[in-house]
There are 2 protein chains.
Amino acid sequence: MPTHHQGNKQEQQALNAYISLLRCTETVTSATCRHLAAEKLSVGQFGTLEALYHLGPLCQRDIAKKLLKSGGNVTTVVDNLEKRALVERRRMPEDRRYYSVALTDVGQELITRIMPRHIDNIATRLAVLSPQEQDDLRRLCRKLGLTG
Amino acid sequence: MPTHHQGNKQEQQALNAYISLLRCTETVTSATCRHLAAEKLSVGQFGTLEALYHLGPLCQRDIAKKLLKSGGNVTTVVDNLEKRALVERRRMPEDRRYYSVALTDVGQELITRIMPRHIDNIATRLAVLSPQEQDDLRRLCRKLGLTG
DNA sequence: CTTGAATTGTTTAAGTTTAAACTATCAGCC
DNA sequence: GGCTGATAGTTTAAACTTAAACAATTCAAG
């Protein structure tokens with residue numbers, strides 16, 4: 001529902017796009033991540049496991065950059081994953097400021113088991129759009145999302 | 001950066017669109033809402049003031065629906081706004097389960113003062129896209145975001 | 001060597017968010 | 001009237017998030 005009155009035509013158009021973008025993301029993430037509750041995983045925890053799965057061991061700073069979250073948050077997330085033995089920290093001897101955070105076997109097993117469902121959720125949801133539309137959406141979001 | 005290996009072509013395409021969408025929204029909201037900190041307003045508080053500004057007095061349930069947040073959250077948000085005398089609750093005599101939540105004069109003044117900056121932030125950010133692209137983005141997000 | 005700046009990660013305090021249990025109110029039905 | 005179910009809002013506990021202050025480590029310049 002477009003908001004009313006204030007602003008010129010150009011602002012109105014930008015607002016409409018903005019509102020649609022936010023609501024869409026909220027709806028889609030809510031739908032695609034709902035299944036994580038069954039594994040007692042928060043979105044941040046899942047994102048961390050996923051990053052380690054795809055990229056291999058990372059230091060916390062790189063995890064934070066990847067998830068767009070604060071360093072303190074990553075400390076908490078990794079703490080909680082470590083308590084469940086899904087990841088482990090290893091001090092890097094060559095630079096003892098770093099931890100290398102890596103999946104354990106249990107963590108590997110968990111993320112391997114969950115990923116298909118997650119990807120399927122996303123693919124099913126995105127299938128509302130044609131392949132061409134998916135590419136269009138990707139292009140527009142990348143253009144709009146460039147940091148600055 | 002596209003993730004690698006798992007999944008067929010179609011899943012890969014959906015994933016790419018999904019990741020771009022999420023990162024874009026994160027980047028854009030972070031940029032457009034940064035100015036709210038100066039007024040000590042959270043995004044939820046601002047969203048509530050904005051909804052009341054555009055739509056007039058609402059009950060908490062309608063605010064929750066509009067913001068896509070839980071009812072308990074709206075109670076907290078309205079509590080905090082009420083403490084600052086930016087909104088006020090009025091019991092509806094015709095159905096005493098409802099509160100009508102409305103902007104006070106102070107709240108009206110605040111949101112009126114802040115909105116131009118907020119809209120300008122959005123318009124400036126969205127100006128990275130051409131008018132046609134903004135409409136395309138809106139259309140795609142609306143199509144993708146339909147609840148289900 | 002040593003001083004100091006920069007970087008990594010931790011802690012703390014405060015605020016946000018949710019789900020679930022709870023109270024209050026309403027509407028329909030006997 | 002009194003019961004029943006539905007709805008609006010509140011409360012509580014737990015989890016998540018952040019900014020800011022902090023400690024540990026590295027590295028470069030003197």
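The values are calculated or read from the model by the stated rules, or taken from the named source; none is laboratory data. These figures come from a predicted structure and were not determined experimentally. Using ideal geometry, Cβ is built from the backbone for each residue, glycine included, and neighbour counts are taken over all protein chains shown. These accessible areas exclude ligands, DNA and RNA; they are computed on the full protein's heavy atoms, side chains included. Shrake-Rupley method; radii C 1.70, N 1.55, O 1.52, S 1.80 Å.
Label points for B:ASP62 are taken 7 Å from Cα along Cα→Cβ. From this copy to the others they lie 5.1 nm apart, shortest first. Between B:GLN132 and B:ALA31, the FRET efficiency from the beta-carbon distance, with R0 = 22 Å, is close to 0.45. Measuring against 26 Å, Cα to Cα, the residue pairs B:LYS9/B:LYS65; B:LYS9/B:LYS69; B:LYS9/B:LYS143; A:LYS83/B:LYS9; A:LYS83/B:LYS69 contain B:LYS9/B:LYS65; B:LYS9/B:LYS69; A:LYS83/B:LYS9; A:LYS83/B:LYS69 as the ones spanning a longer distance. Across peptide A:9-16, the average count of Cβ atoms from other chains found within 10 Å of a residue's Cβ is 6. Here B:VAL128 yields copy-to-copy label distances, from shortest upward, of 2.3 nm, the label point defined as 7 Å from Cα along Cα to C-beta. Among the cysteines of the protein assembly as shown, those whose beta-carbon sits 4.7 Å or more from every other cysteine beta-carbon are A:CYS33, A:CYS59, B:CYS33, B:CYS59.
Peptide packing: for B:70-78, A:86-94, the average count of neighbouring Cβ atoms within 10 Å per residue gives the ranking B:70-78, A:86-94, highest mean first.
Average projected area of the Cα convex hull of the stretch A:9-141, in nm²?
On the way: hull surface 41.2 nm².
For the Cα atoms of the stretch A:9-141, the hull's average projected area reads 10.3 nm².
Give the relative contact order (percent, whole number) for chain B; include only Cα pairs under 8 Å separated by 6+ residues. Don't jump to the answer; show the numbers that get you there.
Details: 98 pairs, mean separation 29.1, N = 148.
After rounding, I find 20 percent.
Chain A has one residue whose beta-carbon comes closest to the axis relating it to chain B; that residue and its distance in whole Å are A:THR25, 2.
Taking the Cα centre of the stretch B:9-139 as origin and assigning +1 to Lys and Arg Cβ atoms and -1 to Asp and Glu Cβ atoms, the resulting dipole is close to 320 debye.
When you look at the Cβ of every residue in A:120-130, what mean number of other chain Cβ atoms sits within 10 Å?
Details: counts 3, 2, 7, 9, 2, 5, 10, 3, 6, 6, 1.
Per residue, the number of nearby Cβ atoms from other chains is 5 on average.
Between the listed residues A:LEU144, A:PHE46, A:GLY72, the Cα displaced farthest toward the positive end of the dipole of chain A, a dipole computed from Cβ unit charges relative to the Cα centre, is found at A:GLY72. Per-residue mean of foreign Cβ neighbours for B:45-54 is 1 (Cβ atoms of other chains, 10 Å radius). Fully extending the segment from B:GLU88 to B:LEU68 would add 5.1 nm, taking 0.36 nm per residue of separation and subtracting the current Cα-Cα distance. Largest GNM mean-square fluctuation among A:ARG34, A:ARG23, A:ARG117, using chain A with Cα springs under 10 Å: A:ARG23. Computed from Cα positions, the angle between helix B:131-145 and the longest principal axis of chain B comes to roughly 80 degrees. Comparing mean-square fluctuations of B:ASP136, B:ASP120, B:ASP79 from a GNM of chain B with C-alpha springs under 10 Å, the top value falls on B:ASP136. Starting from the label point of A:PRO93 at 7 Å along Cα→Cβ, the same points in the other copies fall at 8.2 nm, in ascending order. What the stretch A:1-89 shows is 48 Å² of accessible area per residue, with the surface traced by a 1.4 Å probe over protein heavy atoms.
As an exercise, use a Förster radius of 51 Å and the Cβ-Cβ distance of A:ARG117 and B:SER100 to find the FRET efficiency, rounded to the nearest 0.05. Walk me through the numbers before you get to the answer.
Numbers: r = 43 Å, r/R0 = 0.85.
According to the calculation, E is roughly 0.75.
Rounded to the nearest 10 degrees, the inclination of helix A:105-126 to the longest alpha-carbon principal axis of chain A is 10 degrees.
What is the Å³ per residue value for the convex hull set by the Cα atoms of the protein assembly as shown? Write down the numbers at each step before the final one.
Working: hull volume 47.2 nm³, N = 296.
Hull volume normalised by residue count: 160 Å³.
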